[in-house]
Amino acid sequence: MLRNQLYLAQKDVHLEVRSRAEQLVVFERDAAKEAGHRPSVNRLFRSLARANVDSIAVLMTGMGEDGAEALLDLAESKRCYTMAQDQKSSVVYGMNRKAIELNAACFIGSLEDLRTELSKKIKGWG
């Protein structure tokens, strides 16, 4: 995994993270759908929880509940700062709503609030 890079899951393929020799490795996985989704946010977040590294996870607007339970896993790991988009700024208040109901988000805010908080956290990692 390279610093300052953005990784996006391709259509119909899961994105997962593994920790190898103190480095994160991002890979695509052509596995079965999870709760009807491929790619699945739950699958990505759970792989990050298993990697057991300091991280930040953000769950934003989206239909359904994908990602909410795994965001809680990350929050409970104490290695991840979890964030969720608030209702007011969401186009669809589903995935993030469920995460907030589960108390899975350390921080809840608008898109602007998320951007500001994310920037502060990243700068703090120096």
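Some points to look at:
- For segment 104-126, a residue qualifies if it is part of a loop (DSSP other than H, G, I, E, B) and modelled with pLDDT of 95 or more, and the qualifying residues are ALA104, ALA105, CYS106, SER110.
- Checking MET83 against (1) in contact with a strand residue (DSSP E or B) (Cβ under 9 Å, 6 or more places away or on another chain); (2) closer than 20 Å to VAL53 by Cβ; (3) surrounded by fewer than 16 Cβ atoms within 10 Å (Cβ to Cβ), the condition it does not meet: (3)
- Looking only at segment 85-103, residues that are in a loop (DSSP other than H, G, I, E, B) and hydrophobic (A, V, I, L, M, F, W, C) come to 3 in all.
- Scan segment 19-46 for residues that are hydroxyl-bearing (Ser, Thr, Tyr) and either surrounded by fewer than 20 Cβ atoms within 10 Å (Cβ to Cβ) or at pLDDT below 90 (or both) and the total you get is 1.
- Lone unmet requirement of (1) more than 26 Å from GLY109 (Cβ to Cβ); (2) of a type in the set (S, T, N, Q); (3) assigned to a loop (DSSP other than H, G, I, E, B) for SER19: (3)
- For ASP66, the conditions (1) acidic (Asp, Glu); (2) crowded, with 18+ Cβ neighbours inside 10 Å; (3) more than 11 Å from the chain's Cα centre (by Cα) are fulfilled apart from (3).
- Residue within segment 2-14 that is closer than 25 Å to ARG115 by Cβ, surrounded by 15 or more Cβ atoms within 10 Å (Cβ to Cβ) and not aliphatic (A, V, I, L, M) present: no
- Segment 53-84, residues that are part of a loop (DSSP other than H, G, I, E, B) and at negative phi: VAL53, ASP54, MET60, THR61, MET63, GLU65, ASP66, ARG79
The values are calculated or read from the model by the stated rules, or taken from the named source; none is laboratory data. A quick note: this is a predicted structure, and the numbers were derived from the prediction, not measured. All Cβ positions, glycine included, derive from the backbone under ideal geometry; neighbour counts span all protein chains shown.
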